[in-house]
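K.L.:
I'd like to ask you about the structure that follows.
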Amino acid sequence: MSAPPPHREPPHTGDPSAETIAVYDAAGNPVGAAERATVYRDGLWHASAGVLLRSGDGERVYVHRRTHTKLVFASMHDCLAGGVVAPGEAPRETALRELAEELGVTPNPGDVSPEPLATVSWDGEWAGRPMRCHLFAYESRYDGPVRHQPDEIAAGWWWTDAELLARLADPDWPFVPDTRLLITDLLVGARSAADDGTRP
């Protein structure tokens with residue numbers, strides 16, 4: 001994996017609510033595009049993709065706290081560097097782009113799992129409105145420096161899977177709800193916790 005590039009601005013500048021993103025149907029097929037504000041307001045199906053960044057030895061994952069200015073899940077924690085899928089963009093392309101934008105990590109193409117490690121369709125709610133999203137999670141290993149996009153990432157650190165699972169066991173710890181749905185497929189030990197009824 002190559003070293004982080006000099007920090008660059010994300011491709012969508014200006015008001016993030018005016019950004020055009022891909023619209024999907026409930027079955028997971030792209031069917032058009034709309035402004036992000038419209039997608040969120042009307043509860044339209046869309047897609048999000050991200051990368052679980054692991055240390056080279058696979059023992060730790062990179063966890064971060066989102067900034068308080070994010071349109072959704074502001075100030076919450078996550079273990080995926082990710083974002084919404086743009087029109088005409090495949091989820092894996094989104095995941096690679098977001099990893100570079102948010103954490104300053106530009107992987108070689110072969111360093112990211114070719115297929116998602118986990119997928120889920122989340123028909124949930126945020127801020128009193130429906131939130132419907134198809135989620136795709138990939139993985140990459142990396143031991144170099146991490147460079148945060150300051151408008152998106154407030155802080156970040158490396159934790160073992162066990163440390164993250166311990167925090168997730170606290171229902172009051174603010175962690176993004178959609179990534180939480182994928183945890184059993186992403187973290188070592190999460191599946192056994194789900195089987196014994198203590199899933200985060």
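Every number here is computed from the coordinates shown, using simple stated rules; none is lab data. Keep in mind that what you see is a predicted model, and the values were worked out from it rather than measured. Note that each Cβ is placed from the backbone with ideal geometry, even for glycine, and that neighbours are counted across all protein chains shown.
K.L.:
Tell me, in nm to one decimal, what length is gained between residue 20 and residue 162 on full extension, where the rule is 0.36 nm per residue of separation less the Cα-Cα distance?
P.N.:
Details: separation 142, 0.36 × 142 = 51.12 nm, distance 3.78 nm.
Stretched out fully, the residue 20 to residue 162 stretch lengthens by 47.3 nm.
K.L.:
Now for a different question. Where the centre of each part is set by its Cα atoms, how far does the range 142-192 sit from the range 89-141, in angstrom?
P.N.:
What the calculation gives is 14 Å, centre to centre.
K.L.:
For residue 19, which sequence-distant residues (separation of 5 or more, or a different chain) have an amide H within less than 5 Å of its own amide H, given hydrogens modelled in the peptide plane?
P.N.:
Those qualifying (amide H under 5 Å, at least 5 residues apart or on another chain) are 36, 37.
K.L.:
Using a Förster distance of 41 angstrom, determine the FRET efficiency expected from the C-beta separation of residue 31 and residue 57, and round it to 0.05.
P.N.:
0.45
K.L.:
Calculate, in nm to one decimal, what residue 68 and residue 119 gain on full extension: separation in residues at 0.36 nm each, minus their alpha carbon distance. Mind showing how you got there, number by number?
P.N.:
Values: separation 51, 0.36 × 51 = 18.36 nm, distance 2.65 nm.
Separation in residues times 0.36 nm, less the Cα-Cα distance, equals 15.7 nm.
K.L.:
Residue by residue through the range 170-187, which ³J(HN,Hα) values in whole Hz follow from phi under the Karplus form 6.51 cos²θ - 1.76 cosθ + 1.60 (θ = phi - 60°), with glycine and proline marked x?
P.N.:
8, x, 8, 6, x, 10, 4, x, 6, 5, 4, 5, 9, 4, 5, 8, 10, 10
K.L.:
Taking θ = phi - 60°, what integer Hz values does the Karplus form 6.51 cos²θ - 1.76 cosθ + 1.60 yield along the range 37-49, in sequence order, with x for Gly and Pro?
P.N.:
Karplus values, whole Hz, x for Gly and Pro: 4, 5, 4, 6, 5, 9, x, 6, 5, 9, 9, 9, 9.
K.L.:
Run the simple label-point estimate for residue 188 and residue 169 please: 7 Å along Cα→C-beta, distance reported in nm.
P.N.:
Those two pseudo-labels are separated by 1.8 nm.
K.L.:
I need the phi-derived Karplus couplings for the range 82-97: 6.51 cos²θ - 1.76 cosθ + 1.60, θ = phi - 60°, integer Hz, Gly and Pro marked x.
P.N.:
x, x, 6, 7, 7, x, x, 9, 7, x, 5, 4, 4, 4, 5, 5
K.L.:
Let me have the 222 nm mean residue ellipticity of the chain computed from DSSP H runs of 4+ only, each contributing -39500 (n - 2.57), with the sum over all residues rounded to the nearest 500. Each step should come with its number before you reach the end.
P.N.:
Numbers: 6 runs with 42 residues, N = 200.
Result for the chain, helices only: -5000 deg cm²/dmol.
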